[in-house]
């Protein structure tokens, strides 16, 4: 009798904080809630209780994943202009829709750093010039 062993891998789901600690080029599977729509193009920000991570995917994922959707996404970690993201997305599954978004984390400008990258945040007592129509980061 001849036995043939087939090799395949099942990608284990990890939380977003664990995914953010992996190396660029690694494939990861995360689950979280989508926090944005098409106002930023084909990128969808996904957040869980441990962090946030965007998934860039023109086409099916971006079209299907709307704010409030709980999604499970598999993709490759990529550095895009200093921001960590999943690109490309190789697989996704939407388990529910219409869920409330996570409450924004209350932060000060001094707390804006990579540890809260891709998460909903709120900064109180901020006034933007021109009524908030235009603003720039890194300029004081």
*With respect to residue 19, determine if the residue is crowded, with 19+ Cβ neighbours inside 10 Å, assigned to a helix (DSSP H, G or I) and modelled with pLDDT of 90 or more.*
yes
*asked:* Let me confirm something: among 12, 6, which residue is in contact with a strand residue (DSSP E or B) (Cβ under 8 Å, 6 or more places away or on another chain), exposed (fewer than 10 other Cβ atoms within 10 Å of the Cβ) and modelled with pLDDT under 95?
replied: 12
*Kindly check whether there is at least one residue in the range 24-32 that is under 15 Å from residue 90 (Cβ atoms) and either modelled with pLDDT under 90 or assigned to a helix (DSSP H, G or I) (or both).*
no
*Find the residue count for the range 47-73, including only residues that are farther than 21 Å from residue 121 by Cα and either buried (at least 18 other Cβ atoms within 10 Å of the Cβ) or out of contact with any strand residue (DSSP E or B) (no Cβ under 7 Å at 6 or more places or on another chain) (or both).*
8
*Any idea which residue in the range 92-125 is nearest to the chain's Cα centre (by Cα), counting only those that are in contact (Cβ under 8 Å) with a residue 24 or more places away in the chain and farther than 15 Å from residue 52 by Cα?*
92
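The values are calculated or read from the model by the stated rules, or taken from the named source; none is laboratory data. Remember, it's a predicted structure, so these values are computed and weren't measured experimentally. Backbone-built Cβ (ideal geometry, glycine too); neighbour counts: all protein chains shown.
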